[in-house]
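Rule-based calculations on the coordinates, nothing more; no lab input. This one's a predicted model, so the numbers in the text were calculated from it and none came from an experiment. Positions of Cβ are generated from backbone atoms using ideal geometry, with glycine treated the same way; all protein chains shown enter the neighbour counts.
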Amino acid sequence: MTTTAPLLDPSDIALQSSALSLWFGARQVIDNVSVSIPKGRVTAIIGPSGSGKSSLLRCFNRLNDDIDGHRMQGKITLDGIDVHGPDLPVHELRRRVGMVFQRPNPFPMSIGDNVAFGLRLLGIGKGSERDGRVESALKSVGLWAEVGDQLDAPAMRLSLGQQQRLVLARAIAVEPEVLLMDEPSSALDPLSTLRFEELVHGLAGQITIVLVTHNIQQAARVSDYTAYLHGGRLVEFDRSDDLFSQPSERQTEDYLTGRYA
Amino acid sequence: MKVERGSTATWFASSSLSVLLLVTAAVLLLLLRNGLAPFWPADIVEFEVRSAPGATTVLGTITDEDAQAIIVDSGDALNTNGRYQRIALASIASRSTPADAYVAIGSDGSLRYDRAGRDGAALDAADITAVSTSYSNRLGAGEKLVVAVRQFARFVSTGPSAGGVLPALIGTVILVLLMSVVVMPIGIAAAIWLSEYAGNRGRARWVRAALTSLAGVPTIVYGVLGLGLLVHALGGAVDQLWFAQRLPAPTFGSGGLLWAALTLALLTLPVVVVSIENGLAGVPRRLRDGAMALGATRSEVLWKVLLPAAGPALLTALILAIARAAGAVAPLMLVGVVKLAPSLPIDGEFPYLHPSRQFMHLGFSVYDQALASGDAFDGVARAWSCALLLLLMVGLLNSSAILLRRRLDSRQRSLELVATA
């Protein structure tokens, strides 16, 4: 292992993978990755295409489980509890670990129903209480002022940037501890991207955020910690300030300076 | 293939497209013209004919004419020579369109041509009640239109005893609806299994191959299948079990609405399953992921996200099924369609819908009127009208489904925008 993981107190760790390896069929996509995601911080995962960033992210909420030929070794814990264990059913895991995807993916239903979707699924809240949670979720992503009076309108009518904030609200509504974000601004224009990054900043502290991005500047702008993945292996994991200014690994430096081929 | 402006390929493509449009327009126009013509009041012509003993007069409408002779439809009543009279052109002394000539349509659909100037008592003597009388020769275009609309309304709202096709229309609609009710749930279930649970190996491959082959089976084969499997085997068993007291008279053991609907459901199942499966496969992967990431189980994803998102595809499947079912007449002739059904398959008597009853069908009426009618001229004319009506009915059913689909689509329109962004 060539990681220089910052030392953390166990109570400060939200998510942890130990000796995690993942295969899809015969192809190994993650190779012996041990990483500890600090609680309440923004952790960026960067790396070239095909380095296993998204696959690693999807291990944390077990979204790889349904993929044909998927095989995993190692262990992942949420707050010290094995995510594959009997103490953490998968729907409970996914309530506690939410996710935002590359492309905005609102469901073909109304704005209000989109935000309430997770609440309804998990049987959280009733009637007015649910409405209240929808409202506060929309407020926390700054959408309430824009669409608060048209909750019945189809979500598909919103702009891409609004849609991405809507699905963020949908994820926040079930009050997760961790939010996984898989290149969440890759489909957005620069202004919407900036807006989204501000939201991520604002959410940190209350929620642990793991952000996969291929945008190095974005990682530097919003993250507290950064992990550099290459070919399925964790090359370096450090405070973002340190990693971006003085990478300790040659591979990381090459990637950051664009010498990576 | 890249088509360039002015190239042979462009020329070929555009000309075949125009041929296609022209043929479609021609078929529609022909159907409209011939289907509606019988309802338009024709001029009533009076011929004076030189014949051996002296002169006779023939009153009626011109059905057909050629270089030698005219065929006149002189109506049903009081006619010893039959309804149609062939008059050689050479023997015609005079022809006129008297203003006092009228056509009286009886409650049994029969026609009588007469002139008001003559003895009006003849009408009553014929022992029919005239339901409408029109002096066709006096009518202007607007009045003729009113008469035509009235005739058409009569045609679709009365039974065969009054010259109408209402039972056939009702039979067709009920059959298609019943077929839809049967085929949609089965089709949805099969499509869900294929797209969500079966993968692409072993059994699923066989099921797909079977569906593709089924889609290519000639419709008459389904008729035989329905007759042997549903009517005789299944219907016979049902009779033995529950209707034994009525045997040997069959209840479900002879062709009827239920078996016809099931036969059509079988016939349309392949196209329904394939189009729903495509619809489910077309739902973007990220919607599925999004629901899963919120903690939805597989069946919750299916019921709350996939099926609603595939709503337009379900309606497309329904439209295809209706189109295919309405066009299949051959199998129906084996499993329950009759020329003349004594009673409707739906009425005010409990249980209101009578699935064991034989029924009438517009598609069959087209065949029956055109080929098996005692009156060739009238029969062919009615066949056109039935064909037009069948087309209108399918068009109406389809456009309501399309309208519904458009409403669903508008909810998801930007789905495609995002997908291509």
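Quick notes
- Separation in nanometres of the label points that stand 7 Å from Cα toward Cβ, at residue B:56 and residue B:139: 2.8
- Rg over Rh for the stretch A:154-257 works out to 1.01, both radii taken from alpha-carbon positions and Rh defined as the Kirkwood radius.
- Signed unit charges on C-beta, dipole axis of chain B, positive-most listed residue B:217, B:9, B:287: B:287
- Degrees between helix B:8-36 axis and first principal axis of chain B (Cα, 0 to 90, nearest 10): 50
- Förster radius 56 Å - calculated FRET efficiency between residue A:206 and residue B:220, Cβ distance, rounded to 0.05: 0.20
- Counting DSSP beta bridges with both ends in the protein assembly as shown, the antiparallel % (nearest 5): 75
- 0 to 90° range, to nearest 10: angle between helix B:311-327 axis and chain B longest Cα axis: 40
- Taking the centroid of alpha carbons for each part, the stretch A:69-92 and the stretch A:145-219 are 26 Å apart.
- Loop-resident trypsin sites (Lys or Arg not before Pro) (DSSP state other than H, G, I, E or B) in the stretch B:191-232 with no more than 11 further Cβ atoms inside 10 Å of their Cβ: B:201.
- Acute angle (nearest 10 degrees) that the helix B:362-372 long axis makes with the longest principal axis of chain B, alpha-carbon atoms: 40
- Cα→Cβ-extended label distance, 7 Å offset, between residue B:410 and residue A:131, nm: 2.6
- Cα radius of gyration and Dmax for the stretch B:327-382 (Å): 13.1, 41
- Spherically averaged projected area of the protein assembly as shown from its Cα convex hull (nm²): 46.1
- Inter-centroid distance (Cα atoms) of the stretch B:81-109 relative to the stretch A:41-55, Å: 92
- Of the DSSP H helices in chain A, those whose Cα atoms cover at least 24 Å axially and whose Kyte score averages 0.0 or more: none
- Of B:181, B:165, B:103, the one that fluctuates the most in a GNM where chain B has Cα springs shorter than 10 Å: B:181
- Cross-link pairs A:39/B:304; A:53/B:304; A:126/B:304; A:39/A:75 - those with Cα-Cα distance over 25 Å: A:39/B:304; A:53/B:304
- Applying the criteria of a DSSP loop state and at most 13 other Cβ atoms within 10 Å to the trypsin sites (Lys or Arg not before Pro) of the stretch A:26-128 yields A:126.
- Nearest-20 debye value, the protein assembly as shown charge dipole, Cβ charges on Lys, Arg, Asp, Glu: 680
- Span per principal axis, largest first, for the Cα atoms of the stretch A:1-101 (Å): 37, 33, 25
- Chain B: most fluctuating residue of B:144, B:339, B:304 per GNM, C-alpha cutoff 10 Å: B:304
- In this Cβ point-charge picture (+1 for Lys and Arg, -1 for Asp and Glu), chain B has a dipole of about 2060 debye about its Cα centre.
- Projected onto their three principal axes, the Cα atoms of the stretch B:300-403 cover extents of 60, 33, 24 Å, largest first.
- When only the Cβ of Lys, Arg, Asp and Glu is charged (+1, +1, -1, -1), the dipole of the stretch B:188-331 relative to its Cα centre reaches about 400 debye.
- Residue A:257 paired with residue A:23, simple spin-label distance in nm, labels 7 Å along Cα-to-beta-carbon: 3.8
- Here's the picture: charge each Lys and Arg Cβ at +1 and each Asp and Glu Cβ at -1 in the stretch A:127-261, and of A:158, A:127, A:251 the one pushed furthest to the positive end of that dipole is A:158.
- Of the residues A:21, B:179, B:94, the one whose Cα sits farthest towards the positive end of the charge dipole of the protein assembly as shown is A:21 (charges of +1 on Lys and Arg Cβ, -1 on Asp and Glu Cβ, taken about the Cα centre).
- With the alpha-carbon atoms of chain A aligned to their principal axes, the span from lowest to highest coordinate is 53, 43, 36 Å, starting with the largest.
- With at most 16 other Cβ atoms within 10 Å, longest stretch of chain B clear of loop chymotrypsin sites (Phe, Trp or Tyr not before Pro) (DSSP): B:1-242
- The stretch B:131-285: Rg to Rh, with Rh as the Kirkwood radius over Cα pairs: 1.19
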